[in-house]
Amino acid sequence: MAFAASEGNLSPALPLATLIGRELRGDGTERPHVRYGHSGFAKRGEDYFLVKPDCLRVPGDPSSSFSVFAVFDGHNGVSAAVFSKEKLLEHVMSAVPEGISREDWLQALPRALVAGFVKTDIDFQRKGETSGTTATLVVVDGFTVTVASVGDSRCILDTQGGEVSLLTVDHRLEENAEERERVTASGGEVSRLNLCGGQEVGPLRCWPGGLCLSRSIGDTDVGEFIVPIPHVKQVKLPNTGGRLIIASDGIWDALSSESAAQACRGLRAELAAKLVVKQALKTSGLKDDTTCVVVDIIPSDHCSTPPALSPKKNQNKLKHLIFGKRSHSSVGKLSKSASLGSVEEIFEEGSAMLEESWMFQSWCPGNSILCSHFLHWHNLFFHGIAIFPLYYFDALVGK
């Protein structure tokens with residue numbers, strides 16, 4: 001699917017019926033402003049980020065604009081992070097059917113994100129390099145935010161009233177019991193590093209390979225249990241907007257989600273990103289690459305200032321939704337209906353097994369090369385056929 005930056009493009013006159021339709025649907029003047037800032041410090045130089053604030057679904061039509069932000073935290077070299085920064089968005093967009101409405105585009109985006117992550121991984125592994133990377137890709141279209149991630153480069157949402165929501169899942173074996181179960185059920189071993197004498201040290205790792213993460217892009221030299229299939233979440237923000245903080249683990253190893261959000265409330269995005277990084281360095285020092293991207297989604301009647309993000313008394317809630325499961329407590333839930341001050345959850349999927357995923361509902365002829373890649377790398381069993389939408393298949397094989 002073609003997309004382009006809006007800078008320097010003159011939009012042609014649009015039919016009156018189109019403009020009236022947009023007003024009736026509420027996607028005319030109600031679209032929010034998007035402001036962003038980024039900051040970071042390098043220790044090994046393996047962090048990369050992507051900022052594309054003026055993409056277009058329809059070339060020449062400013063009303064079709066959307067923004068993309070991403071953080072990549074490489075390990076064992078920079079190749080996978082650099083490759084993902086250059087190719088991931090392209091692969092995602094190529095998996096979205098052309099000529100569809102905005103509503104259908106948003107509905108297709110979660111599947112396209114999974115397709116884009118998997119194709120990026122396949123293409124990188126064909127290069128024969130062994131580095132790997134986390135990847136957190138955020139698409140902002142109006143008040144709708146869609147996030148896909150592998151690894152532990154977390155994305156949080158801070159909304160009016162001081163409510164902090166996790167839009168990603170950390171794929172760290174140390175902290176994620178479901179991922180440990182998945183890896184061991186697939187034949188992998190999860191244990192700590194053993195020193196001479198049998199003493200165990202450090203975080204839990206997956207063997208062979210010794211990676212602390214259970215999902216990534218790249219990592220050709222580790223077990224087939226490390227998969228590139230992202231956790232995907234799509235939400236609609238309230239009319240008051242909100243703030244996204246996307247950062248590498250250099251931030252999150254030093255600051256909790258709530259403390260990062262609290263540290264920068266009331267500041268513009270560019271200053272907020274710098275303050276979050278400064279606070280992380282103050283807390284733990286420069287132990288790792290540290291990258292932070294702050295994105296403010298601002299109502300159209302607040303042109304120059306971020307949303308008011310002052311916490312309510314005794315209300316600083318961390319909403320952690322993982323793998324589509326819901327907390328039994330009201331604290332852990334996102335509203336399922338849009339209302340002022342609430343976040344509406346539209347979609348969430350976190351399964352690492354593609355054959356169990358929602359996307360495998362259409363049938364198309366199998367591809368032996370593609371299947372062999374998946375069988376070898378991801379321990380997935382297709383029984384001779386690949387079951388997924390045709391546009392997803394085309395994206396994977398490069399059509």
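What follows is calculated from the coordinates using simple rules that are stated; it is not laboratory data. For clarity, every value in this text was computed on a predicted model and none was experimentally measured. Virtual Cβ from ideal backbone geometry, glycine too; neighbours counted across all protein chains shown.
Before moving on, here are some points about what is shown:
- Scaled radius of gyration (Cα, divided by 2.2 N^0.38 Å) that the stretch 118-262 gives: 1.17
- Pairs exceeding a 26 Å alpha-carbon distance, out of Lys52/Lys236; Lys233/Lys282; Lys52/Lys233; Lys52/Lys287: Lys233/Lys282; Lys52/Lys287.
- For peptides 115-124, 38-47, 293-302, sequence by mean Cβ density within 10 Å, most packed first: 115-124, 293-302, 38-47
- At an R0 of 45 angstrom, the distance between the Cβ atoms of Val51 and Asp221 translates into a FRET efficiency of 0.90.
- Segment Asp301..Arg192, full-extension length gain: 34.0 nm, with 0.36 nm per residue of separation and the alpha-carbon distance subtracted.
- Reachable aspartates and glutamates from Lys127, criterion Cα separation under 14 angstrom, eight or more residues apart if same chain: Asp219, Asp221
- Modelled label positions at Glu175 and Arg126, each set 7 Å beyond Cα in the direction of Cβ, lie 3.5 nm from each other.
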